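The structure appears below as structure tokens.
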Amino acid sequence: DLNPLAVELCKVSLWLEAHVPGEPLNFLDHHIKCGNAIVGLASREELKRGIPDDAFKTLPDDDKDVAAELRRQTKEERKGYQSLDFSGRPADDLDALRSDFSSVANLPENTPEQIRHKQNAYDEFRRGLHLRNLKTLADIQVAQFYISKTPETRRKITTHDQYRRYLRGENPHPEPTAYAQTIAQRKRFFHWYLEFPAVFANGGFDCIIGNPPYLGDKKQKRMYGDSFQNVTKWQFSLKNACDLVAFFYRRIFDILKTPGFTSLISTNTIAQGATREQGLDTIIGLGGAIVFAVPSTRWPGRANVVVALVSIAKTQWQGACELDGRRVKSITGGLREPVEDDFQISPEKLKQNTGLVFIGTYVNGTGFFLDRSAAESLLAKNPQLAKVIRRQTNGDDLYDHVEQRGSRYVIDFGERSIEEARKFEDCFEIVEATVYEVRVQQTDKRNREKWWLHARPRPELYSTINRFQRVLAAAKVSRTCAVDYVPADEILDEKLIVFALDSFDAFAFLQSTFHWEWAWFRCTTMKNDVSYGVQRILATLAFPYDFRVDSDPMLGRAGETYHEHRRKLMLQMNLGLTKTYNLFHNPSLRTDTVAKVSKQDAEVAALACSGLLRLRELHRELDEAVLATYGWNEPSDDGRPIELRHDFYEVDYLPENDRVRYTIHPDARREILKRLLLLNHKRHAEEVAAGKHGKSQTTKKKATKKKLAKAKQSGPSLFDGESSE
């Protein structure tokens with residue numbers, strides 16, 4: 001554990017649980033360790049990598065010239081020495097280390113005197129020359145990521161050529177070595193094969209169980225710094241940022257023996273997005289097998305947390321697997337049953353979707369917000385303040401308010417300088433009194449230096465939608481899966497996904513099952529809600545046509561009819577989108593159910609109940625219109641017509657106690673996802689051929705041709721619910 005107190009409490013817990021009265025407390029120091037389980041080396045083989053180029057990546061506190069010089073020097077030194085030799089003194093030290101450790105571990109501990117003797121022997125072992133030599137080599141390698149690259153620290157840095165000589169048996173230079181050891185002690189570098197030499201002499205751990213910590217990729221930088229992100233990216237060969245829990249899965253798999261097993265509790269994001277790709281998918285690629293999984297279940301305690309249970313075998317697993325209580329042949333990194341041929345291709349980003357969707361404004365400062373009475377009072381006093389006081393719409397307004405109207409106002413100085421902002425004196429004084437002290441202490445340079453402005457004002461969003469009176473939007477995190485119109489002249493909150501579209505045919509598509517099934521297919525989740533990642537979902541979605549330049553009257557009529565009926569129904573029930581769709585998906589819908597939720601009398605509730613049944617019919621008609629727009633309602637080269645078969649079905653991406661939805665048949669869902677993916681690659685290939693992605697994409701285009709051909713032959717069972725990404 002990284003926390004020394006946690007280590008001591010662990011010992012106390014074990015003593016309380018296992019202590020035998022009349023006998024001394026067990027000696028546990030060689031079993032329970034304090035250190036960073038992620039930052040450090042897992043095996044001796046990692047020493048052969050030497051000092052990597054990535055250690056000299058320029059970070060915010062570095063001198064760019066010094067960092068660039070070190071990168072050039074190390075790249076030059078690595079030529080011909082990509083993998084270093086571990087033989088000689090390091091190998092001898094490791095053999096001696098294992099022998100010394102075994103001697104200490106085998107000492108008896110039956111009396112207090114024996115315990116003291118064992119403690120002294122272990123302390124002597126920790127100070128021994130063999131461990132010191134090996135730990136110095138490991139610390140030097142990792143510490144280079146944490147040393148600032150400046151003229152003042154240049155002499156404290158070790159490059160690849162110096163390290164190669166140390167590994168060969170030469171003694172390290174005192175100053176760089178001492179500095180690396182200081183950093184290692186402060187950051188608690190943990191080198192597994194040195195801390196548990198007897199375990200790794202036998203190939204690694206037999207079994208590991210645990211509940212690894214969770215921390216999102218964006219929070220890691222704030223908590224652990226740029227160096228941590230840099231070193232973990234190198235250690236685990238990461239392509240994209242991911243949650244901290246993926247590092248634990250990877251490290252645990254590294255330190256298991258073959259065969260070995262691990263069973264872990266983690267957040268359900270381990271099976272989603274980049275975290276899945278860098279974690280479970282990579283482990284499967286390295287020869288691991290997921291043998292047991294519960295993809296999503298609520299934590300049994302008081303915490304409102306959704307977790308996943310995963311067991312992994314580090315072996316060529318030949319037995320059956322268990323997935324959510326069912327016996328299956330195997331389990332994918334998405335914690336789902338794989339398709340018959342285990343075929344996966346990833347969707348590509350489409351240039352045609354550029355500039356189509358945006359995230360709303362991140363204000364960053366409660367002092368910017370005004371309630372209605374405060375805003376009206378300021379405007380009555382000085383009408384000129386209307387230039388900097390604007391109504392705001394957020395996710396709650398969109399989904400919970402019956403008319404989707406903004407409930408509060410926000411002070412917005414745009415991109416005005418502080419001198420220009422001061423001219424709006426009453427508003428500036430409010431911001432200065434309530435925002436200044438918070439913002440000037442933040443690490444983000446813009447937030448700190450331009451404290452009177454919104455943190456992320458999204459000028460590209462407002463310059464794109466300023467020609468509209470209203471635009472379509474959805475909540476960034478929600479399970480409601482609905483879109484509606486919001487005023488284009490308001491400040492739109494960061495919790496909104498804003499589409500630069502206003503037509504009814506665009507509404508029809510975005511409200512359709514096609515859009516939302518793709519969103520579930522591509523999204524990560526927060527608890528069990530869609531977390532709408534713009535780049536993962538909309539940037540890869542193959543629209544039936546470009547809604548900015550074309551239109552389809554049939555689809556537009558379906559969208560307008562649906563929207564107007566829903567709007568009137570919501571007014572009739574006095575309910576927002578969330579509660580309306582909760583009733584929409586209720587298979588036991590009755591008048592008394594509607595009356596209870598809407599708090600209307602029986603007569604109004606009966607009419608509303610009839611209106612909800614009509615909304616289901618309109619949703620089916622809307623989906624059929626989208627299907628026809630794609631041309632998938634008729635036989636084609638892509639296969640048979642798709643039969644949507646709307647009804648109440650269980651959907652496997654929702655928690656087990658809330659899976660029933662009025663939606664399309666699971667077979668139709670799989671076929672739609674398959675065709676959307678194939679259409680994505682077809683559109684991408686056309687864009688590559690037109691030179692819209694640059695030359696670097698040409699090779700990638702050729703590499704996917706065989707996969708696409710295979711996908712077209714794989715039939716409607718291609719995905720079987722699998723979230724290929």
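The values are calculated or read from the model by the stated rules, or taken from the named source; none is laboratory data. Nothing here was measured: the structure is a model prediction, and the numbers come from that model. A quick note on method: Cβ atoms are made from the backbone with ideal geometry, for glycine too, and the neighbour counts reach across all protein chains shown. SASA here: full protein model, heavy atoms, side chains in, ligands and nucleic acids out. Shrake-Rupley method; radii C 1.70, N 1.55, O 1.52, S 1.80 Å.
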Sum up the lysine pairs in the stretch 88-231 that clear both bars: alpha-carbon distance under 27 Å and a spacing of 8 or more or different chains. 14
Here the relative contact order (percent) of the stretch 271-392, from C-alpha pairs under 8 Å and at least 6 apart, is 19
For the chain, calculate the relative contact order in percent as a whole number, restricting contacts to Cα pairs under 8 Å that are 6 or more residues apart. 10
Semi-axes, largest first, in whole Å: what does sqrt of 5 times each Cα gyration tensor eigenvalue give for the chain? 52, 33, 28
Applying the span-like rule to the chain (DSSP H, Cα extent along axis at least 27 Å, Kyte-Doolittle mean at least -1.0) gives 553-573, 602-630, 666-689
Arrange the peptides 393-400, 665-672 so that the one whose residues have, on average, the most other Cβ atoms within 10 Å appears first. 393-400, 665-672
Using +1 on the beta carbon of Lys and Arg, -1 on that of Asp and Glu, and nothing else charged, what's the dipole of the stretch 18-106 about the Cα centre, debye to 20? 300
The stretch 435-515: trypsin sites (Lys or Arg not before Pro) in DSSP coil with no more than 15 other Cβ atoms inside 10 Å: 467
For the stretch 511-587, what does the relative contact order come out to in percent, with C-alpha contacts under 8 Å and a separation of six or more? 15
So which chymotrypsin sites (Phe, Trp or Tyr not before Pro) in the stretch 428-511 pass both tests, a DSSP loop state and at most 16 other Cβ atoms within 10 Å of the Cβ? 468
Dipole magnitude of the stretch 462-573, debye to nearest 20 (Cβ charges: Lys/Arg +1, Asp/Glu -1, about Cα centre): 340
By the scheme Lys and Arg +1, Asp and Glu -1, what is the net charge of all other residues having a beta-carbon under 10 Å from that of residue 362? +1
Using a 1.4 Å probe and ignoring any ligands, DNA or RNA, find the accessible area of residue 460 and quote it in Å² to the nearest 10. 90
Below 17 Å, Cα to Cα, which aspartates and glutamates can residue 445 reach? Residues fewer than 8 away in the same chain don't count. 61, 62, 226, 415, 437
Report D for the stretch 392-455 in µm² per second (integer): Stokes-Einstein, Kirkwood Rh on Cα pairs, 20 °C, 1.002 mPa s. 162
